[in-house]
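K.L.:
Structure incoming, see below.
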Amino acid sequence: MKGLTSIFSFICLSALALRPGIRTSISQNALINIKNSIVPNVITEIQANKIPDFDVKFGLLKINITDIQFLEFNLTAENVGVKLVIDDTISYINLELINLSFNATSKIAFRTPFLVKGTISSSLENTNLTIPIKIGTNKGKVSLEILAARGNLDSFKMRIKTDSQIISFFQLFNHFLPINMLTNAYKRKLVTHIGESFNPQIQKILNSIVYVEEIPNLPLSIDYHIEALQVVQNQYIEGLINGTFFLTKKPKLVPNVTLPEIPPAWVSSQDFKIQISEYFFDTFLWGLQDSGILNINITNDIIPKEIPITLSTTGLSEILPNLPKVYGNDKPINMNCIVSSPPQFTISEVGTLLSNSYCDFVVTTAENAFKTAFRLNMQAMTQFTGYVVNNSTGVYLFGSILPNSTEFTVFTATNSTIGPINLQDVQDALNYFADAIANYIDQKIENQGIVLPIPPTSQVENATMVMNENFIEIGFTKRFSNY
């Protein structure tokens, strides 16, 4: 019944998530690799860091425990297991410490009413401990809370030696000291210290997560805050990430984009997986369109050499014969092109971009004198494939325009000052140069990758990418260095 409750809860979370533009999955095996990278540092911290002093009060008696330290601490990364657990809709990462043994020492002081000082020697042998880490989110950020360790501590032994010969000789500890209370408090302090020693390493991992990423050279940022985070089927941690692009200087402006579908089943079997929805790309294109980045004023200076055409009344006369008749020969023309609505991006086996735009053909009739000959409205379609690049600054998704996939369609002309326009001739001319135009755009965007929400503390290996219905899925393994 708990399993059904957990699955139902996650379906509800998936459905209620406001903008799950990205879905991620981290397997239990991946967590084991992370564990192997941090446990050596944890063991060092357990032995090196000072355990805080504490007091035990029993009636009027106050016992001071100070200078606590481990003399021996026998644990290796191989003896720390990782299990994913969901219990009553609450998700946990359980660290299983197997065959843990240690020896510890400290100082003790109390009054009887005279001051008594001494030492405590303690040991634990071949004990299994479980340290639960509660998984959740806090204000859209990953929250990992280390809870009290659990386990059978019957093998814990404690011996007190004081500087009072009378107390030591007659073994009067039980008379003056609440031994059971002291023993429980002491071993609880040691076990708590072991659990808390994982905190600095976990915090390093959490600090490496970027929740808002500014896109270089663009007025856009990405929101990578977490919508939902939960263990699924006790096998992997699944996260729904906002995945919305927004205008950096207008963060409250909501994209005019349709929310994504519920993500499909996972395709890859790799330890780390990311599914990127059409919504993610649509908000990116919305941001580009709303900020005016996609608008361009085309002049002869920026036309690539691969397109043998001159923007002038004479140069365009073959497809627009009335231009020189109305405005004269060799008058310069610039095309002021505006993307009129956010482009739409659909994903199947390839990515398809559909955009609506218009271009005003502006004639320079004299110095500082301009006249719009007509407005050309059109629709453009092009197809993309994607690939992943990993470098020292992060993991990036790049796109590349597929050859022979760009086409201009749905032409209309308005506000014409040159009479009727043969739109078929215009369409044929633009589509004749479509590949050259696409290659020019491809060169402009080839270095503009989108950083993925992967902490840059490790090397991505064996990256695979599948383009599926409505989603792109990227699977990979990671080689972790010590945190």
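K.L.:
Consider the range 184-202. How many of its residues are outside any loop (DSSP other than H, G, I, E, B), crowded, with 19+ Cβ neighbours inside 10 Å and hydroxyl-bearing (Ser, Thr, Tyr)?
P.N.:
1
K.L.:
All but one of (1) buried (at least 20 other Cβ atoms within 10 Å of the Cβ); (2) more than 36 Å from the chain's Cα centre (by Cα) hold for Asp271; which doesn't?
P.N.:
(2)
K.L.:
Identify all residues within the range 239-274 that are out of contact with any Ser or Thr (no Cβ under 8 Å at 6 or more places or on another chain), under 22 Å from Leu354 (Cα atoms) and either touching a residue at least 40 places away in the same chain (Cβ under 8 Å) or aromatic (Phe, Trp, Tyr) (or both); write none if there are none.
P.N.:
Asn256, Leu259
K.L.:
Tell me yes or no: at least one residue of the range 14-21 is modelled with pLDDT under 95, exposed (fewer than 13 other Cβ atoms within 10 Å of the Cβ), assigned to a helix (DSSP H, G or I) and not assigned by TED's automatic domain parsing to the domain that holds Ile135.
P.N.:
Taking every residue of the range 14-21 in turn, at least one turns out to be modelled with pLDDT under 95, exposed (fewer than 13 other Cβ atoms within 10 Å of the Cβ), assigned to a helix (DSSP H, G or I) and not assigned by TED's automatic domain parsing to the domain that holds Ile135.
K.L.:
Among the residues that make up the range 380-387, is at least one of them of a type in the set (A, V, I, L, M) and closer than 27 Å to Glu278 by Cβ?
P.N.:
Yes; the residues of the range 380-387 include at least one that is of a type in the set (A, V, I, L, M) and closer than 27 Å to Glu278 by Cβ.
K.L.:
Just to confirm my filter: which strands (runs of 3 or more DSSP E) fall fully inside the range 206-301 and include at least 3 residues that are β-branched (Val, Ile, Thr)?
P.N.:
Result: 226-232.
K.L.:
In the range 131-141, which residue that is within 22 Å of Gly81 (Cα to Cα) and of a type in the set (Val, Ile, Thr) is surrounded by the fewest Cβ atoms within 10 Å (Cβ to Cβ)?
P.N.:
Result: Ile133.
K.L.:
For the range 46-68, how many residues are outside any strand (DSSP E or B) and crowded, with 17+ Cβ neighbours inside 10 Å?
P.N.:
1
K.L.:
For the list (1) out of contact with any strand residue (DSSP E or B) (no Cβ under 7 Å at 6 or more places or on another chain); (2) more than 24 Å from Ala463 (Cα to Cα); (3) among the β-branched types (Val, Ile, Thr); (4) surrounded by fewer than 20 Cβ atoms within 10 Å (Cβ to Cβ), I need the number of the one condition that Thr248 fails.
P.N.:
The single condition Thr248 does not satisfy is (1).
K.L.:
Quick one: would you say Ala148 is modelled with pLDDT of 90 or more, in contact with a helix residue (DSSP H, G or I) (Cβ under 8 Å, 6 or more places away or on another chain) and loosely packed, with under 15 Cβ neighbours inside 10 Å?
P.N.:
On the way: modelled with pLDDT of 90 or more: yes; in contact with a helix residue (DSSP H, G or I) (Cβ under 8 Å, 6 or more places away or on another chain): yes; loosely packed, with under 15 Cβ neighbours inside 10 Å: yes.
So Ala148 passes the test.
K.L.:
Sticking with this one: Need at least 1 residues that are of a type in the set (D, E, K, R) per element, so show me which strands (runs of 3 or more DSSP E) inside the range 345-436 make the cut, counting only ones lying wholly within it.
P.N.:
351-366, 369-391, 407-414
K.L.:
Right, next: Check whether at least one residue in the range 203-223 is in the same structural domain as Ile293 (by TED's automatic domain parsing), under 13 Å from the mean Cα position of the chain (by Cα) and crowded, with 18+ Cβ neighbours inside 10 Å, and report yes or no.
P.N.:
Yes, the range 203-223 has at least one match.
The values are calculated or read from the model by the stated rules, or taken from the named source; none is laboratory data. Everything numeric here is computed off the predicted structure, so don't read it as measured data. Cβ atoms come from the backbone with ideal geometry, glycine included; neighbour counts cover every protein chain shown.
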